[in-house]
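The values are calculated or read from the model by the stated rules, or taken from the named source; none is laboratory data. If you're wondering where the values come from, they're calculated on a predicted model, not measured in any experiment. All Cβ positions, glycine included, derive from the backbone under ideal geometry; neighbour counts span all protein chains shown. Surface accessibility is based on the protein's heavy atoms, side chains included, excluding ligands, DNA and RNA. Shrake-Rupley method; radii C 1.70, N 1.55, O 1.52, S 1.80 Å.
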There are 2 protein chains.
Amino acid sequence: MSERNDRKSARATADLVAREANVSRVAVSRAFNPNASLKPEKRDRILQIARELNYTPDMAARSLVTRRSHLVGMIVPDVCSPWESQEIDTLTTALQAEGFATLLFKAKADFSMDHTLLTYMRGFNPDSVIAFTENVEPDVLTGFLDRAVPIYVIYDDGAQFADKSSSLYDRLLVRQRDGIEQAIALLQGYGVRRVAYLGGKRQSLANRERERMITEILAERGMQPPTVIDSDYTYDTAYRATLDLFRVEDGADAIFAANDVGAFGAIDALRHDLGLSVPGDVKVVGFDDIPQSHWKAYNLTTVRIDLEDRVRALVRLILRRLRNPEDGPLTETLGTRLVVRGTVG
Amino acid sequence: MSERNDRKSARATADLVAREANVSRVAVSRAFNPNASLKPEKRDRILQIARELNYTPDMAARSLVTRRSHLVGMIVPDVCSPWESQEIDTLTTALQAEGFATLLFKAKADFSMDHTLLTYMRGFNPDSVIAFTENVEPDVLTGFLDRAVPIYVIYDDGAQFADKSSSLYDRLLVRQRDGIEQAIALLQGYGVRRVAYLGGKRQSLANRERERMITEILAERGMQPPTVIDSDYTYDTAYRATLDLFRVEDGADAIFAANDVGAFGAIDALRHDLGLSVPGDVKVVGFDDIPQSHWKAYNLTTVRIDLEDRVRALVRLILRRLRNPEDGPLTETLGTRLVVRGTVG
DNA sequence: CATCAAAATGAAAACGTGTTCACTTACAAT
DNA sequence: ATTGTAAGTGAACACGTTTTCATTTTGATG
């Protein structure tokens, strides 16, 4: 019976707490706002009663007048990807500590950032939005700029973006050249002549950047241009693409994968289907350094983008913009470096 | 210049749209509420103008009067775990299609569902909450029942919970006995005598259930009780625990892991550190059937809990409760079955 | 004791929406 | 032409909070 009543009883409001504590509703509001001035003993008493009544300020009502929703929107094509799930996890933890909650949306698998989705999302008034899709068009985001909602686009190097309107947004710049150079130097040191690039998604900006950069560096070092095989960042596609490379095409001495998961697919195809040894017959290098990469079954040599650094930079950007929205856009830069393990030696 | 102004310009409100379209603000509200009655041509005109003005109803304001936030809270200890990330991904997609957004919170790694976190989360007024931590205490949730916010606790079999107050909540029941029986039958068929159970987190209810059930079934079949080794669902811990099992303890013929990732750790320890063959010397069975389990490097035989079924059942429960909150609690049941691959043959 | 600045207080006005409730219009049936 | 009914309309209120601003209380200073 009482359970039933409890269940139906309305949520405690500031008014109820005020009545119970013999103060005005304003005092209750102040008690929950740390920088408001209120007699300490009074605040304590209010908080005490609030706790007894299980009262929490209603975020919806608060955000209506504050213009701050304390929500950070994240748009993700695939939560299951180890790389993205790591990012979500770490970001959510960091933001949660700062009092922000994560609002998660799933984008279409083909990376197309739907306008409907953005509009829908805007209804929730996120204080900030993080787009994981690197290929998002700047003009799609433009409609978002009202009410000073800042957008952070994550992509790598992004020479293409440099002169476009995206300079309006805060950016995270990943300098992947260093890591790629180290990797190719290592491969060349082992006498590799024919490198294949196992690509990621066609639309992915990071993917195109990586392909361009690998081609460039190979040329600089007097090596022949890479054989490029298409894939989509997934294990299965990478597996099949690798089979094609060796059965239809004429193989390679080394495979440079656009991401670690793709490298796993390549390794398994080589070892379990083609009967080739890694790193004996073919060397493999990945990209990202996800936790699985140190698993003994793969023990992957890979270009590392430090997650901790990345998230720290991201949180720094977000909090800065939330605190003073009028500041000009800022760019944070991140480096990469090769982590040497067992798939090249 | 105009960019600057756009940026600062306030977001379009229903009032603005109404003024622009020469209708009352109420008409605008109705235009966005499909079941409200409004002359079709009028609605079209309003929607047209709304689109031009980039207007979307403010969810905060709407939820204030509707008592529906269209938010579904999810509490997750580790987004990176393949099992959980899959669940988040599929659930978010399904709920998004129904007009709900995912509000993501990270619980402490030790599974302790913090009361502070729940209180904080309640401030956002989620229409529903999904707790991935199976060990959450019912009384912690009780404070949540006001305002008819339903809670869905996910756990397996949960005999312990049957008679407790948790019968207040809708539940998802996973019948893992079938799958476990099939697995043990298969092992016995291959002449396995000594089975080790590589556990998950101590606090995890699912883990304790699995241990109990394995012990029970082994006894029923006249086999000796399992050696139980502690772990925490992670690769690294499982790896070390397996080393201990064979170096400190006296080994086993088969390892039954509490989850697939743990099984990977065991396999790698056996193959790359202990010099044992899988399945030649030791057979391995996992739990979950995550996508990685079919990767050739592991090719794991495992007890499958079908994700699609699971999410469908979950969404069914959530939507039902959202539509008529007064209904009594319901329990959905899910089966399990063994997926035979290469680690037992 | 008087005076004044500073701190604490509460009434009222927002914030942007959905909903009620009378009211008007439109249209078919008598 | 008249009635009856349904559908369409808009003014006013409600949702729970923060913020302003004028007012009261406090506490220290002369």
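All of A:Asn299, A:Asn259, A:Asn324 fail the test of being farther than 30 Å from B:Ile290 by Cα and of a type in the set (S, T, N, Q), apart from A:Asn324.
Against the list (1) more than 12 Å from chain A (Cβ to nearest Cβ); (2) of a type in the set (A, V, I, L, M, F, W, C); (3) within 12 Å of DNA strand C (Cβ to nearest atom), the condition B:Leu64 fails is (1). With respect to the conditions (1) in a loop (DSSP other than H, G, I, E, B); (2) within 9 Å of chain B (Cβ to nearest Cβ); (3) within 8 Å of DNA strand D (Cβ to nearest atom); (4) not basic (Lys, Arg), A:Asp78 lacks only one, and its number is (3). Just one residue in the set A:Pro57, A:Pro34 is within 15 Å of DNA strand C (Cβ to nearest atom), within 14 Å of chain B (Cβ to nearest Cβ) and not in a helix (DSSP H, G or I); that residue is A:Pro57. Screening B:Glu249 against (1) open to solvent by 20 Å² or more (accessible area, probe 1.4 Å); (2) out of contact with any Gly (no Cβ under 6 Å at 6 or more places or on another chain); (3) within 14 Å of chain A (Cβ to nearest Cβ); (4) touching a residue at least 12 places away in the same chain (Cβ under 8 Å) leaves a single unmet condition, (3). Looking at B:Asp78, B:Asp127, which is the one that is away from DNA strand C (no atom under 13 Å from the Cβ), crowded, with 20+ Cβ neighbours inside 10 Å and under 30 Å from B:Ser204 (Cβ atoms)? That would be B:Asp127, the only listed residue that is away from DNA strand C (no atom under 13 Å from the Cβ), crowded, with 20+ Cβ neighbours inside 10 Å and under 30 Å from B:Ser204 (Cβ atoms). All of A:Leu16, A:Leu64, A:Leu53 fail the test of being of a type in the set (A, V, I, L, M, F, W, C), under 19 Å from B:Leu64 (Cα atoms), touching a residue at least 24 places away in the same chain (Cβ under 8 Å) and open to solvent by 30 Å² or more (accessible area, probe 1.4 Å), apart from A:Leu16. Evaluation of A:Val26 against the conditions (1) facing chain B (nearest Cβ under 10 Å); (2) surrounded by fewer than 21 Cβ atoms within 10 Å (Cβ to Cβ); (3) assigned to a helix (DSSP H, G or I) shows that the sole unmet condition is (1). Give the residues of region A:81-106 that are at the interface with chain B (Cβ under 10 Å from one of its Cβ atoms) and assigned to a loop (DSSP other than H, G, I, E, B), sorted by residue number. Result: A:Ser81, A:Gly99.
If B:Glu137 satisfies all but one of (1) at pLDDT 65 or above; (2) outside the structural domain of B:Asp253 (by TED's automatic domain parsing), what's the number of the condition it fails? Condition not satisfied by B:Glu137: (1).
Of the set (1) within 16 Å of DNA strand D (Cβ to nearest atom); (2) under 27 Å from B:Asp114 (Cβ atoms); (3) aliphatic (A, V, I, L, M), all apply to B:Val72 but (1). Of all residues in region A:37-50 being more than 8 Å from DNA strand C (Cβ to nearest atom) and out of contact with any helix residue (DSSP H, G or I) (no Cβ under 8 Å at 6 or more places or on another chain), which is least open to solvent (accessible area, probe 1.4 Å)? That would be A:Gln48.
Let me confirm something: among B:Thr119, B:Thr92, which residue is surrounded by 16 or more Cβ atoms within 10 Å (Cβ to Cβ), of a type outside the set (A, V, I, L, M, F, W, C) and at pLDDT 65 or above? If you could, list the steps in order and put the result at the bottom.
Details: B:Thr119 fails: surrounded by 16 or more Cβ atoms within 10 Å (Cβ to Cβ).
Result of the check over B:Thr119, B:Thr92: B:Thr92.
Do we find a residue being in a helix (DSSP H, G or I) and modelled with pLDDT under 95 anywhere in region B:328-340? Break it down stepwise before answering.
As a first pass, look at region B:328-340 and keep what is in a helix (DSSP H, G or I): none.
Scanning region B:328-340, I find no residue that is in a helix (DSSP H, G or I) and modelled with pLDDT under 95, so the answer is no.
Does region A:268-288 include one or more residues that are farther than 20 Å from A:Arg177 by Cβ, surrounded by fewer than 23 Cβ atoms within 10 Å (Cβ to Cβ) and touching a Cys at 6+ places or on another chain (Cβ under 9 Å)? Scanning region A:268-288 turns up no residue that is farther than 20 Å from A:Arg177 by Cβ, surrounded by fewer than 23 Cβ atoms within 10 Å (Cβ to Cβ) and touching a Cys at 6+ places or on another chain (Cβ under 9 Å). The residues on offer are A:Phe124, A:Phe132, A:Phe111, and the sole one that is at pLDDT 75 or above and either more than 9 Å from every other protein chain (Cβ to nearest Cβ) or within 30 Å of B:Thr119 (Cβ to Cβ) (or both) is A:Phe124.
Determine which member of the set B:Gly222, B:Gly200 is out of contact with any strand residue (DSSP E or B) (no Cβ under 8 Å at 6 or more places or on another chain) and surrounded by 24 or more Cβ atoms within 10 Å (Cβ to Cβ). First the steps, then the outcome.
Working: B:Gly222 fails: surrounded by 24 or more Cβ atoms within 10 Å (Cβ to Cβ).
Among B:Gly222, B:Gly200, only B:Gly200 is out of contact with any strand residue (DSSP E or B) (no Cβ under 8 Å at 6 or more places or on another chain) and surrounded by 24 or more Cβ atoms within 10 Å (Cβ to Cβ).
Here's the yes/no breakdown for (1) away from chain A (no Cβ under 14 Å); (2) open to solvent by less than 10 Å² (accessible area, probe 1.4 Å); (3) touching a Ser or Thr at 6+ places or on another chain (Cβ under 7 Å); (4) without any contact (Cβ under 8 Å) to a residue 60 or more places away in the chain:
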residue	(1), (2), (3), (4)
B:Pro291	no, no, no, no
B:His294	no, no, no, yes
B:Ile305	yes, yes, yes, no
B:Arg323	yes, no, no, yes
B:Glu332	yes, no, no, no
